[in-house]
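One structure is given here, and the rest of the page talks about it.
Nothing in this text is a laboratory measurement; each read-out follows from the coordinates by a stated rule. Treat the numbers as computed from the prediction; the structure is a model and nothing was measured. Neighbour counts run over all protein chains shown; Cβ positions are idealised from the backbone, glycine included.
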Amino acid sequence: MNARQTPIPWTWRRRLKVGLLSILALTAVTGTIGIVYALYPRTLPQTGPLEARLLPAEIERLRSVSDFDGIADPASRSVAFFEEAGRVLQHPRCLNCHPRTDRPTQTDAMRPHMPWVTRGLDGGGASTLRCSTCHQAENFAASGVPGNPKWKLAPIEMAWQGQTLGNICRQLLDPTRSHMTRDELLHHVMEDELVGWAWHPGGNRQPAPGTQQEFGSLIKAWLETGAVCPQ
Amino acid sequence: MSFALSVNGQAHLVEDDGDTPLLWILRDRLSLTGTKYGCGVAQCGACTVHLDGQPKRSCSIPLKAATSAQITTIEGAEGDEVRVVQAAWVAHDVPQCGFCQSGQIMSAIALLRHNRRPTDQDIDLAMSGNLCRCATYNRIRVAIHTAAAQLGQST
């Protein structure tokens, strides 16, 4: 005769034992899975070039001299030439180094230059913190610092920031402020390498509109039509 | 490509890309780690060295542009100005974390070589390109005045 098995009662000791064993088993399984996961051979992340985070600067066109043939009146055409050239003159690439104070600005937003620098006696910075401390003869991609052998500020008499285009025009034509005759002015805008930097600013800086040659042609046409200034 | 460099009076021949920043040549190739990498964009001055006596940000100078210059790093700086600056820096306990200090010292030395009696404004003009996140600026300024005074006594 089979003795009827009586179920083991769920005493508090048994409950504790089963509970602890379950926790231990769960911990062991989790730990084992973790170790297997950590030690499982896999390909490590490889170094590689960063994705370009700087968008290429958009190129703005400049209208050519022939685009103004429709303006019959020479004075109006002259003003139109200068107003088109003014898109270059009043571009941040040019205005940043034509400040109205002793401190340049930078970026397209024309914020105050960082670090704090000043024009110094020759426009090339204070004698103990020259522009050339940071700016070298060329744009340097590794640091993003722009450069040119002539890197310096325009004279304070040639401050353009805050000026109307008409005032800039009259400045350019005034040899006491521009320090240039009209021939020298034309040569300056067409040939000067620091002026030319405005079209090759490096990094993701927005170049001045058009090309230096197109800008020079507009200035030449403006001078040849009487160098009339906008109001 | 090979580039000949003169660093702290010693000639070196370095094989590297000509566009490598001088900072990395000094630190990684020549083990001159006193010159620090701070921002890498010529904004902080931690990487300041002297090229032909002029302070320059070595993070912003390509190797190819440094070949014709006499380069001086903090390890090779010497002379009266260096001695008094070092003593003043110790006397005023200038460094806090110290990371920017080699750049600060190189700029201070160049300032004193150019101007032996700098005013506060002269110091601000010369040192404004050297940032210190511990803000030890007041101690730096006092130390430069002390160094200048020492320089005046010793000459």
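Taking just the C-alpha trace of the protein assembly as shown, give me its Rg and Dmax in Å.
So, for the protein assembly as shown, Rg and Dmax equal 31.9, 131 Å respectively.
Sort all Cα-Cα distances of segment A:114-164 into consecutive 5 angstrom bins from zero, then give the percent of pairs in each bin up to the one containing the longest distance.
Reading upward from the zero bin: 5, 18, 25, 23, 17, 8, 3, 0.
If you wrap segment B:80-154's Cα atoms in a convex hull and average its projection over all directions, what's the area in nm²?
4.1
For every other residue with a beta carbon closer than 14 angstrom to the beta carbon of B:Asp17, add +1 if it is Lys or Arg and -1 if Asp or Glu, then tell me the sum.
-2
Residues with amide H under 5 Å of A:Val145's amide H, sequence separation 5 or more or different chain, H placed in the peptide plane at 1.01 Å from N; which?
Amide H neighbours of A:Val145: A:Phe140.
Would you list the membrane-span-like helices of chain A, meaning whole DSSP H runs whose alpha-carbon atoms span at least 24 Å along their axis and whose mean Kyte-Doolittle value is at least 0.0?
Membrane-span-like by this rule: A:12-39.
Report the paramagnetic label zone for B:Gln10: residues of segment B:31-63 whose backbone N is under 17 Å from a point 7 Å from Cα along the Cα-to-Cβ axis.
Flagged as within label range: B:31-35, B:50.
Looking at chain A, which longest stretch skips every one of the chymotrypsin sites (Phe, Trp or Tyr not before Pro) that is in a DSSP loop with at most 13 other Cβ atoms within 10 Å, leaving the sites themselves out?
A:117-231
Give the separation of the Cα centroids, segment B:129-149 to segment A:172-225, in Å.
Taking the Cα centre of segment A:172-225 as reference, the centre of segment B:129-149 is 43 Å away.
Please flag any cysteine in chain A that has no other cysteine's Cβ under 4.7 angstrom from its own Cβ.
A:Cys94, A:Cys97, A:Cys131, A:Cys134
Please state the charge dipole magnitude for segment B:2-72, taken about the Cα centre, from unit charges on C-beta atoms (+1 on K and R, -1 on D and E), reported in debye and rounded to the nearest 20.
It works out to roughly 240 debye.
Just going by the charge dipole of the protein assembly as shown, with Lys and Arg at +1 and Asp and Glu at -1 on Cβ, which of A:Ala221, A:Thr133, B:Ser102 is farthest out on the positive end?
Result: B:Ser102.
Charges only on Cβ, +1 for Lys and Arg, -1 for Asp and Glu: so what's the dipole of chain A about the Cα centre, in debye to the nearest 20?
So the magnitude is around 2620 debye.
Compute the long axis of helix B:137-154 from its Cα atoms, compare it with the longest principal axis of the Cα atoms of chain B, and write down the angle in degrees, 0 to 90, nearest 10.
80
With unit charges on the beta carbon (Lys/Arg positive, Asp/Glu negative), name the residue among B:Ser31, B:Ser58, B:Gly45 whose Cα is farthest towards the positive pole of the charge dipole of segment B:2-72.
Going by the Cα projections, it comes out as B:Gly45.
Per 5 Å bin, what percent of the C-alpha pairs of segment A:143-231 does each bin hold, from zero upward?
Going from the shortest bin to the longest, the percentages are 3, 13, 19, 25, 23, 11, 5, 2, 0.
Compute the signed sum of charges (Lys and Arg +1, Asp and Glu -1) over the other residues within less than 15 Å, Cβ to Cβ, of A:Met110.
Overall, the nearby charge balance is +4.
Under 25 Å Cα-Cα from A:Lys150, which lysines qualify once same-chain neighbours fewer than 8 residues away are excluded?
Answer for A:Lys150, where 25 Å is the Cα cut-off: A:Lys220, B:Lys56, B:Lys64, listed by chain and number.
Can you give me the relative contact order of segment B:2-72 as a percent, contacts being Cα pairs under 8 Å and 6 or more apart?
38
Express in % the proportion of alpha carbon pairs of chain A at distances exceeding 23 Å.
The calculated P(r) of chain A puts 62 percent of pairs beyond 23 Å.
Take segment B:2-72, drop everything but the C-alpha atoms, weight them equally and run the Debye formula without solvent; then report log10 I(q)/I(0) at 0.17, 0.20, 0.21 Å⁻¹ to two decimals.
With one equal scatterer per Cα and no solvent, log10 I(q)/I(0) is -0.51, -0.72, -0.80.
State, as an integer percentage, the relative contact order of segment B:80-154 based on alpha-carbon contacts under 8 Å between residues 6 or more apart.
Relative contact order here is 50 percent.
If you wrap a convex hull around the alpha carbons of segment A:19-110, what volume per residue comes out, as a whole number of Å³?
Hull volume normalised by residue count: 290 Å³.
Show log10 I(q)/I(0) for chain B at q = 0.11, 0.15, 0.20, 0.21 Å⁻¹, two decimals, from a solvent-free Debye sum over equal Cα scatterers.
Computed log10 I(q)/I(0) values: -0.41, -0.73, -1.20, -1.29.
Which distance in nm do the two modelled labels at A:Ser127 and A:Arg170 give, with both placed 7 Å along the Cα-to-Cβ direction?
If labels sit at A:Ser127 and A:Arg170, their model points lie 3.7 nm apart.
Give the long-range amide H neighbours of A:Gly125: residues separated by 5 or more places, or on another chain, with amide H under 5 Å away, using H modelled in the peptide plane at 1.01 Å from N.
A:Gly120, A:Cys131, A:Leu153
Give, rounded to the nearest 20 debye, the magnitude of the charge dipole that chain B has about its Cα centre when Lys and Arg contribute +1 at Cβ and Asp and Glu contribute -1 at Cβ.
300
Could you list A:Val195, B:Val142, B:Val90 so that the one with the fewest beta carbons within 10 Å of its beta carbon is first and the one with the most is last?
Arranged by neighbour count, lowest to highest, A:Val195, B:Val142, B:Val90 become B:Val90, B:Val142, A:Val195.
How high is the relative contact order of chain A, in percent, counting Cα pairs under 8 Å that sit 6 or more residues apart?
Relative contact order, chain A: 26 percent.
Per DSSP helix of 4 or more residues, -39500 (n - 2.57); summed, then divided by the residues of chain A. What does that give at 222 nm, rounded to the nearest 500?
-11500 deg cm²/dmol
What does the net charge come to around A:Gly216 if you take all other residues with beta carbon closer than 15 Å to its beta carbon, with K and R at +1 and D and E at -1?
For residues surrounding A:Gly216, the net value is -4.
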